[in-house]
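The values are calculated or read from the model by the stated rules, or taken from the named source; none is laboratory data. Given the structure is predicted, the values throughout are model-derived calculations rather than measurements. Neighbour counts run over all protein chains shown; Cβ positions are idealised from the backbone, glycine included. Accessible surface is based on the protein model in full, side chains and every heavy atom, while ligands, DNA and RNA are left aside. Shrake-Rupley method; radii C 1.70, N 1.55, O 1.52, S 1.80 Å.
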Amino acid sequence: MPRLSYLKALNRALGDELARDERVFLLGEDIRVGASNVTAGLLKRFGPERVLDTPLSEQAFTSFATGAALAGLRPVIEFQIPSLLFLVFEQIVNHAHKFPLMTGGQCAAPVTYLVPGSGSRTGWAGQHSDHPYSLFAHVGITTVVPATPADAYGLLVSAIRHDDPVVVFAPAGALGVRDDVDFAALAPVPLGVGTVRRPGTDVTVVAVGHLVHDALAVAEDLADQVSVEVFDPRTLYPFDWDGLTASVARTGRLVVVDDSNRSCGIAGEIIATMAERVRMVAPPARVTRPDGAVLPFAQALDRAVQPSREQLTAAIHHVTKDG
């Protein structure tokens, strides 16, 4: 089987959707030269009318995309830095998200907001290293965080075809992941459906995005001590609560690992919802960034603020000792 990287999977999804649907077009800063490699080669294939370089005004081109979507097109915006979403939160949440709802479904706003490289792994410093997916899940915007190349392809395709706004976070920690993939088998992945990456009986570990790979590695390391089930939600809103409930009901224990800030994060929401749905045999645990974390530039400090395999291992041992 050929090897496919996560980054190339995103590129392949964009190319396939541009070829399939003439309403799809791309816009963003320096995307014609493929500054992040996500759009590499697409200008040559599809021309300047469908791969648009924009001025350095995120509010302007995000609003432009909303208007284009309302007019029947399917824009895909690439944001090279996750913190740029803070600049356009109003355009996404108060306009694109709400127009279809406030008009009783008389219009649609099928905009895809793609963030290749959210978070940080190599010292991207304070204004480039956020994972703000909990903010978008909170307001009810479809929010996806793929962990694997096949899911990066399939979820991005589904996002582009969706009739409402979708934010696709492609974590920096996942961009270099490579898998053996049958290209002919690549297909849309349904939004709102999680998956069990590894079955287990003693504890469910919910891992978001690139941390799925860390959770699988920890589960393998602990295989002779603890049977760890790894659940990958894939979509954070709408969340596959039924799928996760079934997992936690089997294991009776829960750990969540999430590379975003602790307070008001998706990890806390997952634990709260499972506490409402399932009687667990031990108190759940979460492994996250600290409260209010701002990642330093120094690479060693950058990584020290993010969840580690050692922290996850400790949380699993703590949860499985109780009950």
* Asked: How far is helix 241-251 tilted off the main Cα axis of the chain, in degrees rounded to 10, range 0 to 90?
  -> 20 degrees
* **Peptides ranked, highest mean first, by Cβ atoms within 10 Å: ranges 60-66, 137-143, 165-171** => 165-171, 60-66, 137-143
* Asked: Under a GNM of the chain (C-alpha, springs under 10 Å), which listed residue has the highest mean-square fluctuation: Asp182, Asp224, Asp164?
  -> Asp224
* Counting other Cβ atoms within 10 Å, which trypsin sites (Lys or Arg not before Pro) in the stretch 209-300 have at most 11 and lie in a DSSP loop? -> Arg279
* Charge sum, other residues only, whose C-beta stays under 11 Å from Pro110's C-beta, Lys/Arg counted +1 and Asp/Glu -1 -> 0
* Asked: Out of residues 5 or more away from Val206 or on other chains, whose amide H comes under 5 Å of its own, with H placed 1.01 Å from N in the peptide plane?
  -> Phe231, Val255, Val256, Val257
* **Acute angle (nearest 10 degrees) that the helix 58-70 long axis makes with the longest principal axis of the chain, alpha-carbon atoms** => 80 degrees
* Rel. contact order, % - alpha carbon contacts under 8 angstrom, at least six apart, the chain -> 16 percent
* Rounded to whole Hz, the Karplus (6.51, -1.76, 1.60) HN-Hα couplings of the stretch 74-86, x for glycine and proline -> 10, x, 10, 9, 9, 10, 6, 10, x, 5, 5, 5, 5
* Asked: Once the Cα atoms of helix 149-161 and of the chain are each reduced to a long axis, what angle between those two axes, in degrees from 0 to 90 to the nearest 10, is obtained?
  -> 50 degrees
* In nm, spacing of pseudo-spin labels at Val139 and Ser83 (7 Å Cα→C-beta vector) -> 1.9 nm
* Asked: How many Å² of accessible area per residue for the chain, probe 1.4 Å?
  -> 41 Å²
* To do: For Ala187 and Asn37, calculate 0.36 nm times their separation in residues minus their Cα-Cα distance, and state this gained length in nm to one decimal.
  => 51.8 nm
* **Whole-number Å³ per residue for the convex hull built on Cα positions in the chain** => 130 Å³
* To do: Could you work out how far apart the two model spin labels at Leu101 and His317 are, taking each label as a point 7 Å from the Cα in the direction of the beta carbon, and quote it in nm?
  => 4.5 nm
